[in-house]
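Everything below concerns the one structure shown next.
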Amino acid sequence: MKKVILNLAVSLDGFIEGPNGEVDWCIMDDEMGFDAFIDSIDTIFYGRVSYELWGNYQPGSDISEAEKSLWNGIRSKDKFVFSRSESPYQNATVISEDLTDKVRQIKSRNGKDIWLYGGAGLTKTFIQLGLVDEYRISVHPVVLGSGKPLFEDINSRIGLTLIDTRVFKSGVIEVVYETC
């Protein structure tokens, strides 16, 4: 069965965005192997706002070959937008009701894993409903002081098992946990 993987960056003090929604503090470098992660998935889950910002993002022509390859990989995935509105989106399927059942149906399909891209609201919902199978968190060497926290309104304990850690020259530490 496919896994839903929450793969995201977090500041040392636990924020996924700064107080004004900024993510300019996120470090991306080749050492992190993000291409390998993109190759390990075939589906991306987006919230409405995240999809509108990034779902059909077209980078400029001045990017590196590695970045072109990354964006081509992202564009090749099946995309689902979780939204209360049933408005159609280009190149994506909208899920507006029965979220838990629809996620279980998608997970039962053959293929690779699923990236829970987010945004914050969708991430919070998936965590609260117990729909995240793996947490792949990259802790960045910055303290933001405020912003959107990764874990918010958690109603019960979530048991996790550490399955991997990686430390990068940039100071980023990636921790990977599976739910128990």
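The values are calculated or read from the model by the stated rules, or taken from the named source; none is laboratory data. Since we're looking at a predicted model, the values are computed, not measured. Here Cβ is always computed from backbone atoms with ideal geometry, including for glycine, and neighbour counts include all displayed protein chains.
Tabulated data
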| read-out | value |
| --- | --- |
| Every residue from region 23-57 that is over 16 Å from the mean Cα position of the chain (by Cα) and either in contact (Cβ under 8 Å) with a residue 12 or more places away in the chain or under 12 Å from Gly118 (Cα atoms) (or both) | Trp25, Asp29, Asp30, Glu31 |
| Candidate set from region 22-47 (those that are of a type in the set (D, E, K, R) and in a loop (DSSP other than H, G, I, E, B)); member that is surrounded by the fewest Cβ atoms within 10 Å (Cβ to Cβ) | Asp24 |
| Residue, surrounded by the most Cβ atoms within 10 Å (Cβ to Cβ), within region 140-160, restricted to residues that are among the β-branched types (Val, Ile, Thr) and more than 19 Å from the chain's Cα centre (by Cα) | Val142 |
| Whichever residue in region 59-75 is hydroxyl-bearing (Ser, Thr, Tyr) and under 20 Å from Asp30 (Cβ atoms) and, among such residues, is farthest from the chain's Cα centre (by Cα) | Ser64 |
| Residues that are assigned to a loop (DSSP other than H, G, I, E, B), among the charged types (D, E, K, R) and closer than 23 Å to Thr125 by Cα, drawn from region 138-170 | Glu152, Asp153, Arg157 |
| Near pairs, Cβ below 7 angstrom, 6+ apart or cross-chain, from region 114-130 (in contact (Cβ under 8 Å) with a residue 40 or more places away in the chain and farther than 15 Å from Gly159 by Cα) to any residue that is among the small types (Gly, Ala, Ser) and assigned to a helix (DSSP H, G or I) | Tyr117/Ser50; Gly118/Ser50; Gly119/Ser50 |
| Only one of Ser138, Ser156 that is modelled with pLDDT of 95 or more and of a type in the set (S, T, N, Q) | Ser138 |
| Matching residues, region 62-109, being among the β-branched types (Val, Ile, Thr) and part of a helix (DSSP H, G or I) | Ile74, Thr100, Val103, Ile106 |
| Pick from region 51-70, criterion surrounded by 10 or more Cβ atoms within 10 Å (Cβ to Cβ) and of a type in the set (Gly, Ala, Ser), ranking: farthest from Gly33 (Cα to Cα) | Gly55 |
| Residue identified as surrounded by fewer than 17 Cβ atoms within 10 Å (Cβ to Cβ), of a type outside the set (Val, Ile, Thr) and at pLDDT below 90 among Glu97, Glu86 | Glu86 |
